[in-house]
1. Considering (1) away from every other protein chain (no Cβ under 11 Å); (2) of a type in the set (D, E, K, R); (3) closer than 27 Å to B:Leu88 by Cβ, say which one A:Glu58 fails and leave the rest.
2. Which members of segment A:44-75 meet the condition of being β-branched (Val, Ile, Thr) and within 12 Å of the chain's Cα centre (by Cα)?
3. Is there a residue being more than 14 Å from chain A (Cβ to nearest Cβ) and modelled with pLDDT of 95 or more anywhere in segment B:85-93?
4. Would you confirm, using the coordinates I've provided, whether B:Asp1 is away from chain A (no Cβ under 14 Å), without any contact (Cβ under 8 Å) to a residue 12 or more places away in the chain and more than 15 Å from the chain's Cα centre (by Cα)?
5. Could you list all residues from segment B:14-56 that are modelled with pLDDT of 90 or more and among the basic types (Lys, Arg)?
6. For segment B:32-74: of the residues being touching a residue at least 40 places away in the same chain (Cβ under 8 Å) and away from chain A (no Cβ under 12 Å), which is farthest from the chain's Cα centre (by Cα)?
7. Go through the residues of segment A:21-31 one by one and say whether even a single one is part of a loop (DSSP other than H, G, I, E, B) and either among the aliphatic types (A, V, I, L, M) or more than 20 Å from A:Glu55 (Cα to Cα) (or both).
Amino acid sequence: DAKTTQPPSMDCAEGRAANLPCNHSTISGNEYVYWYRQIHSQGPQYIIHGLKNNETNEMASLIITEDRKSSTLILPHATLRDTAVYYCIVRVTRAGANNLFFGTGTRLTVIP
Amino acid sequence: DSGVTQTPKHLITATGQRVTLRCSPRSGDLSVYWYQQSLDQGLQFLIQYYNGEERAKGNILERFSAQQFPDLHSELNLSSLELGDSALYFCASSLIPAGGPGEQFFGPGTRLTVL
C-alpha cells in the first residue's frame, strides 16, 4: 500500500472550513483513498473514501488531484466536536482482505 | 454508535496471565478485524476473519490468537501477558471482505492494563 504523509497537527476556527491535506505520491491506479478520524480514545470513525473523482457526503468532501498524488479532506463548517486525529489511508482492496494501515494522522484542533 | 460491541470495556490483569476480549459485529457484517493501539505504536492491524475463516494477518504476536464463531462474534485471546501488551484493543466489522471499497465500523474498544 502506498505511504501517506500528513501534517502532524492543524488548528481551525470554529465555523470555518477545515482543509486537511494528504500526500500519497506513490499511489497506484487501484488504490482507494480513505479518511477516518478518531476522537480522543474512541474507535476510529469512517468519514469518506474515493478513487479518482471528488466525493461528498454528509460529513465531508474529498478532493483528489488529477494525478492522484495528493488529496484534501474538507470539513465545511468545523465544530468543536470535530477536534480529533484524522487519518488518511491509501488501500488496495485485495481478494479477501481489506484491513487498514493507520499512520500517525493529523491532530485537528477546532478553536472556539 | 457504530453497532459493534466489545466487552469488557476495561480489563486489568497481571503479567503472565491470559485474557479474552469479545467482539460482536454489526448485524449482517461477515468480516471482523482486530486492531491494537498503544502509545508508542499507534493503531496496528492484528488479524481479520471473514465468515469464520482467517483472511489476513498483521503484526499479531504468537501469544495472541483469535477466532470467529458461527454466530459471527469474535474473540481475541491474549496469553502470557507482558507490560507492553497494555493497550486499547479495537474490533471493527464490515459487510464485505474485498471486491470493492468498504468502510469498517469500529467498536468502542477494550482498554487492557497489564500490571
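1. The failed condition is (3).
2. Passing the criteria: A:Ile47, A:Ile48, A:Ile63, A:Ile64, A:Thr72, A:Ile74.
3. yes
4. Against the criterion (away from chain A (no Cβ under 14 Å), without any contact (Cβ under 8 Å) to a residue 12 or more places away in the chain and more than 15 Å from the chain's Cα centre (by Cα)), B:Asp1 does not qualify.
5. B:Arg18, B:Arg22, B:Arg26
6. B:Leu72
7. The answer is yes; a qualifying residue exists.
The values are calculated or read from the model by the stated rules, or taken from the named source; none is laboratory data. What you see is a predicted model, and the numbers here were worked out from it, not measured in a lab. Please note: Cβ atoms are built from the backbone with ideal geometry, for glycine as well, and neighbour counts cover all protein chains shown.
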